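Read-outs: derived from the displayed coordinates by stated rules, not from any lab. Everything numeric here is computed off the predicted structure, so don't read it as measured data. Cβ placement follows ideal geometry from the backbone for every residue including glycine, while neighbour counts extend to all protein chains displayed.
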Amino acid sequence: MGVVSKLPVYMERIPGGGILTTSAEKFFNWSRASSLWYMLFGLACCAIEGLMATGASRYDYDRLGMIFRASPRQADLMIVAGTLTHKMAKRVKILYDQMSEPKYVIAMGGCANNGGPFYYDCYSVLKGVDKIIPVDIYIPGCPPRPESVMEACLKLQEKIKKQKLGDWSSSTS
Amino acid sequence: MAIEQLKTEEFMVNMGPQHPSTHGVCKLVIKMDGEQIKSIQPHVGFLHRSIEKIAENRTYAQFVPYTDRIDYCASMNANHAYVTAVEKMAGIQVPERAEYLRVMMAELNRIASHLVWIATFAIDLGAVTPFLYAFRERELILDLFEMTCGQRLTYNYMCIGGVNWDIPQGFEPKLREFLKIFPQKVNEYEYLLTNNPIFLYRTKGIGVLDMDTAFAYSVSGPSIRGSGLKWDIRKAEPYSIYNKFDFDVPVGHTGDVWDRYKVRLNEMRESTKIVQQAIEGLPGGDTKVKVPMTWKPPEGEVFSRIEAPRGEMAYHIISDGTPKPYRIKIRTASYCNLQVLPVIAVNHLIADLVAIFGSLDVILPEVDR
Amino acid sequence: MDSSSLLKLLSEEYQERVFDGKIITDVATVSVNPGNWVSICHSLRDDKSLLLHSISNFGAIDFREKLGGYQIVLTVFSHQFNHKITIKTLLPAKEDDSPIVGTISGVWPSAEWFEREMAELFGIIFEGHPDPRHLLLDDDWDEGYPMRRGWSGKDFVVKPEI
């Protein structure tokens with residue numbers, strides 16, 4: 001992100017540079033929002049709905065420019081689909097760290113939001129994925145319907161389109 | 001130079017926990033000699049949700065939704081296993097209509113589960129098209145489930161004493177339409193895969209599971225039927241009303257990956273037959289007997305098992321006479337089926353491991369519970 | 001073989017080692033002493049008239065309050081004869097004791113994981129187990145044995161009564 005994050009600083013010095021920054025911003029945001037590559041990473045029940053059924057014939061992620069990548073290095077989006085246990089939490093953190101910036105996280109389903117049905121009387125489940133990684137969008141449901149997963153992706157696209165060029169500079173420095 | 005001198009040292013490969021072909025979160029530590037597998041050590045428990053601990057602090061009725069989440073590809077069958085166990089313990093007689101509905105839903109779910117299996121298995125072997133085909137039909141089944149109970153994956157449909165809801169209006173024509181088109185769709189999958197040279201090359205003679213190994217590791221379900229044993233709990237110990245239906249138990253011959261694939265395909269055809277008979281013979285009447293919310297079963301214990309899509313699913317329930325079970329031990333098919341993987345995958349190439357793992361149809365939440 | 005004749009055969013053939021035979025929801029059930037656990041499993045598997053070569057279920061129950069120990073329950077069955085039996089043994093244990101019993105993973109290989117699971121969740125030690133690592137819990141788990149009754153841990157919330 002080196003050059004991109006410094007771009008606004010240099011641009012502002014040129015008279016009329018603000019226009020260029022805005023256009024660059026728009027271009028970057030547009031390209032990021034319309035090619036959200038998600039990581040093929042399912043944990044539990046939600047993986048069948050959020051990753052497979054939504055990716056398959058009827059709902060079709062491809063319409064949103066989303067394709068699955070098996071490697072975290074190529075992915076922009078992590079859909080945490082399912083129950084996150086203490087044992088898995090360490091691995092999820094590593095996977096998140098391996099993704100390259102800018103990266104986004106969708107917490108799908110009750111378990112990923114706050115433990116869901118496994119909140120009480122459960123010794124092995126992490127109560128919410130937001131305890132270890134930052135989350136952009138939460139989807140309620142057990143499991144959520146594919147429509148709500150797609151809605152979440154659209155919401156995420158809206159969010160990306162509002163980003164400023166300098167937004168990522170602090171996190172990467 | 002002699003071949004022995006060219007030998008390099010063995011090395012370890014970590015497969016998972018995040019790996020597209022592990023169908024969930026499972027880690028395989030593989031010791032390799034070149035491309036050849038020397039030993040495999042499965043690491044499980046990444047999805048251990050302590051369902052058995054939760055059971056100790058839930059009433060019998062409250063635990064039903066948790067059974068859905070043990071095997072999310074076949075929630076109806078998991079429901080069925082639990083409610084039959086509780087009813088057997090308490091001696092509850094379920095209305096006949098409810099039994100018919102249960103069998104119908106369980107068999108539809110078996111088809112849906114096998115469709116997910118075909119889809120993922122084909123992807124594992126590099127064929128993406130069957131995935132789209134299989135999910136097309138799976139959506140039709142999920143539509144039927146959604147009409148009945150409002151959920152697409154975790155149904156909570158069966159309850160102690162019957163089923164929660166009767167089938168709605170419009171269900172029957174939709175089901176009949178599905179039953180009419182589905183056998184042709186199975187032929188379509190066969191057309192795509194069964195005699196495909198690449199598919200045959202990847203599956204024939206790979207991962208042969210002989211009968212003695214299967215017995216020793218308590219393998220069950222389509223995996224043992226692929227080895228040629230005609231063993232199905234629906235036939236051997238008919239539970240519910242399975243003895244009223246006419247269906248066949250498909251078996252393989254050699255026990256390789258291809259046989260297990262073929263058994264599952266034929267099982268879908270047989271399940272279609274059962275659903276057809278169930279809808280034809282569906283009697284009228286009540287769908288459940290009234291069981292109060294804070295219902296107390298008598299003190300005692302029960303061991304009951306059913307045939308889930310992946311094999312034998314058993315519940316061992318111990319009741320101390322309170323509304324909550326004292327202990328529930330769940331035996332799942334994948335738990336035992338996964339243990340056989342290190343035995344049958346040794347000396348295969350690493351690319352075949354994916355095929356063998358896929359053919360056992362292991363679903364990780366069932367292993368971890 | 002049906003359950004009652006199976007039970008009769010068991011209590012006659014192995015009368016010095018098994019006791020308390022009964023039929024619990026159509027499964028023939030016998031108890032053995034922990035000392036005889038491995039030997040009875042060996043004899044049952046090798047008995048040509050039973051052919052019990054597959055495990056159906058194998059689990060432990062915390063009966064410390066009621067019976068003063070952990071009960072391990074094993075259900076084995078035969079595909080050929082289509083019958084199954086349950087064998088139980090009570091491992092005496094007080095408060096935080098870890099009872100010891102022999103492993104049967106040499107008898108039925110699939111018992112290996114069941115035993116690993118019981119060892120980590122209940123704290124039962126299976127002597128001679130080939131691979132006594134954790135199965136379901138993380139390797140660095142240090143909060144004791146969660147499936148014991150009355151266990152509590154730092155992230156463990158008990159569901160409040162409504």
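Structure values in brief
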| read-out | value |
| --- | --- |
| FRET efficiency estimate (nearest 0.05) - Cβ-Cβ, B:Tyr201 to C:Asp2, R0 51 angstrom | 0.60 |
| For B:Lys38, net neighbour charge (Lys/Arg +1, Asp/Glu -1) across residues whose Cβ lies under 13 Å away | -2 |
| Candidate aspartates and glutamates - alpha carbon under 15 Å from C:Lys159, same-chain residues fewer than 8 apart omitted | A:Asp121, B:Glu52, B:Glu56 |
| Electrostatic dipole magnitude of the range B:236-305 [Cβ: Lys, Arg +1; Asp, Glu -1; Cα centre; debye, to 20] | 240 debye |
| Order by protection proxy (mean Cβ within 10 Å, highest first), peptides A:96-103, A:15-22 | A:96-103, A:15-22 |
| Cβ neighbours within 10 Å from other chains - mean over B:131-139 | 4 |
| Distance from the range B:216-274 to the range B:147-163 (C-alpha centre basis), Å | 25 Å |
| Antiparallel %, DSSP beta bridges [both residues in chain A], to 5 | 10 percent |
| Within the protein assembly as shown: Cβ-based charge dipole about Cα centre, in debye rounded to nearest 20 (Lys, Arg +1; Asp, Glu -1) | 1540 debye |
| Tail fraction, Cα-Cα pairs, the range B:160-288, threshold 24 Å, whole percent | 44 percent |
| Mean-position separation - Cα centroids, the range C:59-111 and the range A:117-137, in angstrom | 34 Å |
| Distance between modelled label sites at A:Glu151 and B:Val128, nm, 7 Å Cα→Cβ extension | 2.9 nm |
| Compactness of the range C:3-92, expressed as Rg and Dmax over alpha-carbon positions, Å | 12.6, 40 |
| Cα coordinate range in the range C:73-162, projected on the principal axes (Å, largest first) | 48, 36, 25 |
| Projected area, mean over directions - chain C, Cα convex hull, nm² | 11.1 nm² |
| Percent of beta bridges antiparallel (DSSP, the protein assembly as shown, rounded to nearest 5) | 75 percent |
| For chain B, the Rg and Dmax computed from alpha carbons only, in angstrom | 21.2, 81 |
| The range B:282-369: GluC sites (Glu not before Pro) falling in loop per DSSP and having at most 16 other Cβ within 10 Å | B:Glu299 |
| The range C:3-92: Lys pairs at Cα distance under 15 angstrom, eight or more positions apart or on different chains | 5 |
| For A:111-123, mean number of other protein chain Cβ atoms within 10 Å | 6 |
| Helix-only mean residue ellipticity at 222 nm for chain B, each DSSP H run of n ≥ 4 adding -39500 (n - 2.57), per residue, nearest 500 | -14500 deg cm²/dmol |
| Choice from B:His316, B:His43, B:His23 showing the highest fluctuation, given a GNM over chain B with Cα pairs closer than 10 Å | B:His43 |
| Pairs of alpha carbons in the range A:6-77 whose separation is greater than 18 Å (percent) | 54 percent |
| Calculated FRET value between A:Arg32 and C:Ser98, using beta carbons and R₀ = 56 Å, to 0.05 | 0.50 |
| Scattering profile of the protein assembly as shown at q = 0.06 Å⁻¹ [log10 I(q)/I(0), Debye over alpha-carbon scatterers] | -0.36 |
| Cα-Cα pairs of the range B:1-155 separated by more than 18 Å (percent) | 71 percent |
| Of the GluC sites (Glu not before Pro) in the range C:1-36, those whose Cβ has at most 14 other Cβ within 10 Å and which sit in DSSP loop | C:Glu16 |
| Cα centre as origin, Lys/Arg/Asp/Glu Cβ charges: the range B:46-368 dipole, Debye | 300 debye |
| Order by protection proxy (mean Cβ within 10 Å, highest first), peptides C:28-34, B:36-42 | C:28-34, B:36-42 |
| Whole-number D in µm²/s for the range A:1-135 (Stokes-Einstein; Kirkwood sum over Cα pairs; 10 °C, 1.306 mPa s) | 95 µm²/s |
| Size descriptor, Kirkwood hydrodynamic radius, that averages inverse alpha-carbon separations across the range B:259-369, Å | 17.7 Å |
| Loop-located GluC sites (Glu not before Pro) in the range B:1-82, at most 12 other Cβ atoms within 10 Å (DSSP) | B:Glu9, B:Glu10, B:Glu35 |
| Over chain B, relative contact order from alpha-carbon pairs under 8 Å, at least 6 apart, % | 26 percent |
| Residue-averaged beta-carbon neighbours from other chains (10 angstrom radius) around A:130-137 | 0 |
| Shape call, the range A:101-143: gyration tensor on alpha carbons, a/c limit 1.5 | oblate |
